[in-house]
Every structure is written in structure tokens, then in C-alpha cells.
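In what follows, a structure is listed as C-alpha cells, so that the remarks can point back to it.
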Amino acid sequence: MKKISVLLFMILCSSIAGTESKNFAAGCDFYKKAEYEKALEMFKSAEREYPTANLYYNIANSYYRLGKTGYSLLYYERARRLSPSDGDINFNIKFLSGIINDPDYEQGFFAKIGEDIAKLFFSIALLFLSAVISVKFLNPGKTLFWPFIISFIFVVLFSSLYIVKYRQQKEISAVVLKSESEVRSGPDYSFKVSFTLPEGKKIRVLNESGAWAEVGVKSMGLRGWVESKNIGII
């Protein structure tokens, strides 16, 4: 993990310990002492109180220190959902996903824009377009061709972005937590093993049946059924 990430984490702990929960502060103290199991226990207790991006990031750091790549990536991804443009979160995801060679963690520029920001941009563009139309209606002789075209393009662009972000929020993604998890052709041990997935692999959850989940692997173009206990929902 990059050195600056650790430094920022330490600064974060010392700066918010007086205002956040006692469990969070205790977790920070244990982490500084390299007592990562105790730190994780405290952070997990704090998770029930306030599941924030910073807390998820700290939990991910603790899991990484304990050598649990799957759980670490799971919590980095949960942190990214709450803070998609955070540089440290994205760096650590890129770092760990690079180790396991998983391209499904990669995100484009627009993926780093939160749903609320996309909605704000769309609202501003729509407001500007409405203003242009109103001015044209009140002043029929006024030429507003380019302002209309530009504002219309932005409305289409940001509405499309908002729709994409909305669908992403509704999509159920998960991370494989167990090394070499078996993926079967059906939701039962009686079905044959189609392929296996490494710990930390990012997948999409398509369906559920009892203790099994149907998953899809985007980069591999494969799908099958895995035991739900072997994956963590982002």
C-alpha cells in the first residue's frame, strides 16, 4: 500500500478521534500499534454506528494488513460507493486489483462522479435550457440558436450520465471472499463445477436461490452459481 495512504490515515485518526465514536478512536489507536486484529474489531463495532467512507477505508486497511485481500477489496469498494472520487480509495483498489490481475475494478472518468453530482449537473443544464427557451419565447426576434444547441447537448449528456449512475447504484456487485471459490452450473452441490474464482474477484449478482447466488463475471463473459457465504455484497 502506498506510503502516503498510511500517513493520511494516521492524520485522519488523530484529527477526528475527539468527535467520532470511542470504538473508532480505539481502532485508530490499535492500528497505530500494529495490533490490526483489535483495530478491526473496534472498527467493525463502529460500523454499526456510522457506516462512512472513512470507516470503510480503515476497515479495508486493517483487512489488508491481516492478509485478507477479498475482505479488503470489499470494504474499499464500499468506501468508493460513498466517495467515488477519493484518490486514496481508488489508488488502493487499483493496487490490490492489479495484484490479482482483475480488470473488473477499473473505472472510467464518469464512473468517479457520484449520482448526486450527476443529478446536480443535469438540473443546472435543464435550468439553463429552460432559461434559453423562456428568453426566446419572450423575445421571438432574438437569435439564440447556439445557446439552445449547447444547452440541449448538455441536457442530453448529463441526463444520460444520471441514468448510467442510477443503474450502477441499482446493480448488485460483490467480491469473492474465499480462495478458489467453485462456481457451479446450478444452485446445488449436485451440479458440476463450471469454473473457479480467485479471492478478491469482482462479480455481479444476477439472482439468488436459497444459500446460492447466480453471478456473472464481466471480463470473462461467464456466469454460474456460487455459495452466498463465499461472496460479500458491495
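A short reminder: the numbers here are calculations on the coordinates, not readings from a lab. Computed from a predicted structure; not experimentally measured. We place every Cβ from the backbone using ideal geometry, glycine too, and count neighbours over all the protein chains shown.
General observations
- Placed amide H near Leu206: partners under 5 Å, 5+ positions off or other chain: Glu214, Val215, Gly216
- Per-residue ³J(HN,Hα) for the range 150-161, Karplus 6.51 cos²θ - 1.76 cosθ + 1.60, θ = phi - 60°, Hz, x for Gly and Pro: 5, 5, 5, 4, 5, 4, 5, 4, 6, 5, 5, 4
- Shown in residue order for the range 194-200 are the 3J(HN,Hα) couplings computed by the Karplus curve 6.51 cos²θ - 1.76 cosθ + 1.60 at θ = phi - 60°: 8, 6, 10, 10, x, 4, x Hz (x for Gly and Pro).
- In a DSSP loop and with at most 11 other Cβ atoms within 10 Å, the trypsin sites (Lys or Arg not before Pro) in the range 170-214 are Lys192.
- Rounded to the nearest whole Hz, the Karplus-based 3J(HN,Hα) values (6.51 cos²θ - 1.76 cosθ + 1.60, θ = phi - 60°) of the range 60-73 follow the sequence 4, 4, 5, 4, 4, 5, 8, x, 9, 4, x, 5, 4, 5, with x at glycine and proline.
- Summing charges over neighbours of Arg78, with a neighbour being any other residue whose Cβ is under 15 Å away from its Cβ, gives +1 when K and R count +1 and D and E count -1.
- Close amide-amide hydrogen proximity is noted between Ser194 and Val183, Arg184, Ser185, each under 5 Å apart and 5 or more residues distant or on a separate chain (H modeled in the peptide plane; Pro and chain starts excluded).
- Trypsin sites (Lys or Arg not before Pro) lying in DSSP loop within the range 28-102, provided at most 13 other Cβ fall within 10 Å: Lys33, Arg48
- Sites listed here are chymotrypsin sites (Phe, Trp or Tyr not before Pro) in the range 150-227 whose DSSP assignment is loop and whose Cβ has at most 12 other Cβ atoms within 10 Å: Tyr189.
- Taking the Cα centre of the range 173-233 as reference, the dipole from Cβ charges on Lys and Arg (+1) and Asp and Glu (-1) amounts to some 220 debye.
- At an R0 of 25 angstrom, the distance between the Cβ atoms of Asp29 and Lys94 translates into a FRET efficiency of 0.30.
- Remark: for residue pairs Lys22/Lys229; Lys33/Lys229; Lys32/Lys68; Lys94/Lys218; Lys68/Lys201; Lys38/Lys94, the C-alpha separation exceeds 22 Å in Lys22/Lys229; Lys33/Lys229; Lys38/Lys94.
- Relative contact order for the range 111-234, counting Cα pairs under 8 Å that sit 6 or more residues apart, in percent: 21
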